[in-house]
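Input: a single structure, listed below in structure tokens.
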Ligand SMILES: [Zn+2]
């Protein structure tokens, strides 16, 4: 079984992907995580990725994403199911993503789109805090309180500039526009499931699990 979880920031897609990986014994493919891992490798690709993400501080291009995806797929036995976390999210990514899957004899069984309303998105993201010094993330009221410093390094706790209302709305809009062709593609294949992401983590998880089982 191969599934894709898509959702905007704050939709909890990463959490859902790791819970699903555990419940259904799937490999959790988080491209962002692989890039950070690949950047530590002493290979030409590893060095190239390291330079882009740590020195130039830019987004990696599709050529690199494609290579990383290939390496990961080549590494997994074909019978091992996968949950893809947040990819493909744009049309061009989807084209080489589908091509790579075909090459490795895989096909996507279901795509879950976790929808999040503007209000809920703003509400969730406005609670995000980050340590100015060690960059650790926190949720205000949950693991950090008012006037508290970082429990790890005593650094100052701040809110990212783009984690405010306008920034959140803008990111949601970009997400919708970018993913629209991907969403349409899987909808036409009849394998797209839309999930209400305004619900609790547990409810979203139950809904997705039920749809996988049926
Ligand atoms: Zn800190």
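The values are calculated or read from the model by the stated rules, or taken from the named source; none is laboratory data. Predicted model, so just to flag it, every value in this text is computed and none were measured. Neighbour counts run over all protein chains shown; Cβ positions are idealised from the backbone, glycine included.
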Long-range neighbours under 7 Å by Cβ, at least six apart or interchain, first residue over 20 Å from residue 81 (Cβ atoms) within region 91-106, second outside any helix (DSSP H, G or I)
93/87
Report those helices (runs of 4 or more DSSP H) wholly inside region 49-138 carrying at least 3 residues which are under 22 Å from residue 171 (Cα atoms).
91-103, 118-125
Failed criterion for residue 137 (all others in (1) within 14 Å of the ligand (Cβ to nearest atom); (2) more than 18 Å from the chain's Cα centre (by Cα) hold)
(2)
Would you mention how many residues in region 45-86 are buried (at least 17 other Cβ atoms within 10 Å of the Cβ), out of contact with any strand residue (DSSP E or B) (no Cβ under 7 Å at 6 or more places or on another chain) and within 19 Å of residue 1 (Cα to Cα)?
2
Taking the stated definitions as given, is residue 130 touching a strand residue (DSSP E or B) at 6+ places or on another chain (Cβ under 6 Å) and either in contact (Cβ under 8 Å) with a residue 12 or more places away in the chain or within 16 Å of the ligand (Cβ to nearest atom) (or both)?
yes
Is it true that some residue in region 199-211 is in contact with a strand residue (DSSP E or B) (Cβ under 9 Å, 6 or more places away or on another chain) and either over 17 Å from residue 115 (Cα atoms) or within 16 Å of the ligand (Cβ to nearest atom) (or both)?
no
Run residue 109 past the list (1) away from the ligand (no atom under 16 Å from the Cβ); (2) within 25 Å of residue 30 (Cα to Cα); (3) at pLDDT below 95 and report the number of the one that doesn't hold.
(3)
Being within 16 Å of the ligand (Cβ to nearest atom) and either touching a helix residue (DSSP H, G or I) at 6+ places or on another chain (Cβ under 9 Å) or closer than 16 Å to residue 10 by Cβ (or both) is the filter here, so list the residues in region 156-175 that pass it.
159, 160
Test: residue 169 is surrounded by 12 or more Cβ atoms within 10 Å (Cβ to Cβ), out of contact with any strand residue (DSSP E or B) (no Cβ under 9 Å at 6 or more places or on another chain), in contact (Cβ under 8 Å) with a residue 40 or more places away in the chain and in a helix (DSSP H, G or I)
yes
Spot the failing condition for residue 119; the list is (1) more than 16 Å from the ligand (Cβ to nearest atom); (2) at pLDDT 95 or above; (3) exposed (fewer than 12 other Cβ atoms within 10 Å of the Cβ), and only one is missed.
(2)
Check region 145-155 and report whether any residue there is more than 11 Å from the ligand (Cβ to nearest atom), over 30 Å from residue 185 (Cα atoms) and in a strand (DSSP E or B).
no
Would you be able to tell me the number of residues in region 9-29 that are modelled with pLDDT under 90 and either farther than 18 Å from residue 203 by Cβ or buried (at least 23 other Cβ atoms within 10 Å of the Cβ) (or both)?
1
